[in-house]
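**Q** Here's a structure for you.
The values are calculated or read from the model by the stated rules, or taken from the named source; none is laboratory data. For clarity, every value in this text was computed on a predicted model and none was experimentally measured. Cβ: placed from backbone, ideal geometry, glycine included. Neighbour counts: every protein chain shown. Note: areas computed on protein heavy atoms with side chains; ligands, DNA, RNA excluded. Shrake-Rupley method; radii C 1.70, N 1.55, O 1.52, S 1.80 Å.
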Amino acid sequence: MLDPFVRRYFKRAVACGLIFALYLAARLPTISSTERARLAAQFRFVQTPLPVVPGPEIRSVRPVNPSIQHIAGWISTVGAGVALADIDGDGLPNDLCYVDVRTDQVIVAPVPGTGPRYKPFTLDPGPRLFDRSTMAPMGCLPGDMNEDGRMDLLVYYWGRTPLAFLQNADRTFTATEIVPNERWFTNAATFADLDGDGHPDSFLGSLGLHRSTALQAQLLAPPKATTEKDRSRRHAAPGSAEGDHANLFQFQQTGKSFSPADGFAAGAKRRSRQMP
């Protein structure tokens with residue numbers, strides 16, 4: 001016969017033993033520091049400069065409106081990013097499109113280490129469509145926008161609406177306006193078939209129009225207060241900050257133009273522009 005003390009605590013001891021056994025069985029496996037170092041030695045990263053193209057003067061800080069001079073450092077870094085894609089059509093995502101915030105250039109080049117398949121170049125829309133004193137590229141988004149089998153590039157900006165650089169048969173690019181005669185401050189864009197018609201749409205997220213003087217360094221006074229008429233021109237998406245907006249556009253192959261995708265554009269219908 002078991003001692004009364006043992007009988008009293010026997011079940012508790014068995015339960016604690018089972019819990020400890022289950023803990024040992026369920027915990028994640030561990031490895032020694034030697035084994036960890038051996039596994040890590042298989043992976044390493046090498047820093048390689050991205051290709052550059054001669055162009056405008058290099059500057060470390062963008063000229064900005066005096067009213068936001070205190071965040072000029074942050075504004076000078078916005079837009080730094082790179083996209084990988086198969087731009088030259090060799091079947092491999094070994095090309096890159098990146099924004100050099102030091103020169104406000106959008107550069108297309110082979111990924112370093114993949115061979116000099118072509119000379120790096122810039123996506124230059126020309127002075128009619130781009131003014132460096134009031135505009136700055138924020139990103140490059142690859143995608144076959146006109147569904148012709150060639151990779152196109154969507155470049156979005158602060159200070160103007162995004163531009164579609166459509167790739168031609170000779171691998172040159174033609175800058176095409178999506179929305180003319182408006183000023184946007186676009187910080188994000190993506191391609192997806194959002195309306196389910198089997199064709200890609202471009203979704204563009206922009207900051208409010210009240211920031212339209214952010215890159216105008218020569219403006220000595222803060223922007224005037226927004227009027228009711230200005231507010232009526234904004235297209236604010238549900239849940240967004242005042243003045244911020246999101247728009248969805250689709251390339252219409254029949255008319256070779258960009259126009260709002262029905263049922264998705266936030267706000268009024270926007271005009272499309274014919275391709276050259």
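**Q** For Arg171, are the conditions met, namely being open to solvent by 30 Å² or more (accessible area, probe 1.4 Å), part of a loop (DSSP other than H, G, I, E, B) and within 26 Å of Trp74 (Cα to Cα)? Spell out how you get there, then give the answer.
**A** Numbers: open to solvent by 30 Å² or more (accessible area, probe 1.4 Å): yes; part of a loop (DSSP other than H, G, I, E, B): yes; within 26 Å of Trp74 (Cα to Cα): no.
Here the answer is no, as Arg171 does not meet what is asked.
**Q** Which pairs turn up if I take residues in segment 126-149 that are open to solvent by less than 50 Å² (accessible area, probe 1.4 Å) and look for partners that are part of a loop (DSSP other than H, G, I, E, B) and polar (S, T, N, Q) with beta carbon separation below 8 Å, at least 6 apart in sequence or on another chain?
**A** Thr134/Gln216; Asn146/Gln253
**Q** Separate question: Please enumerate the residues belonging to segment 122-160 that are β-branched (Val, Ile, Thr) and not in a loop (DSSP other than H, G, I, E, B).
**A** Thr122, Val155
**Q** Which one is farthest from the chain's Cα centre (by Cα) among residues in segment 66-85 that are open to solvent by less than 40 Å² (accessible area, probe 1.4 Å) and at pLDDT 95 or above?
**A** The selected residue is Ala85.
**Q** Let me ask something else about it. For segment 106-113, state whether one or more residues are more than 30 Å from Ser133 (Cβ to Cβ) and free of Cβ contacts under 8 Å to residues at least 40 places away in the same chain.
**A** yes
**Q** While we're on this one: Kindly indicate whether Thr176 is more than 12 Å from Met135 (Cα to Cα), part of a strand (DSSP E or B) and either modelled with pLDDT under 85 or of a type outside the set (A, V, I, L, M) (or both).
**A** yes
**Q** A follow-up question, please. Residue by residue through segment 174-192, note down the ones that are surrounded by fewer than 12 Cβ atoms within 10 Å (Cβ to Cβ) and either closer than 21 Å to Arg150 by Cβ or under 21 Å from the mean Cα position of the chain (by Cα) (or both).
**A** Ala192
**Q** Take the residues in segment 21-58 that are free of Cβ contacts under 8 Å to residues at least 40 places away in the same chain and β-branched (Val, Ile, Thr); name whichever of them is most open to solvent (accessible area, probe 1.4 Å).
**A** Of everything passing the filter in segment 21-58, Thr30 is most open to solvent (accessible area, probe 1.4 Å).
**Q** Looking at this structure, is Pro63 open to solvent by less than 70 Å² (accessible area, probe 1.4 Å), within 36 Å of the chain's Cα centre (by Cα), at negative phi and not charged (D, E, K, R)?
**A** yes
**Q** What number of residues in segment 87-105 are open to solvent by 40 Å² or more (accessible area, probe 1.4 Å) and in contact (Cβ under 8 Å) with a residue 24 or more places away in the chain?
**A** Summing the residues that are open to solvent by 40 Å² or more (accessible area, probe 1.4 Å) and in contact (Cβ under 8 Å) with a residue 24 or more places away in the chain in segment 87-105 gives 3.
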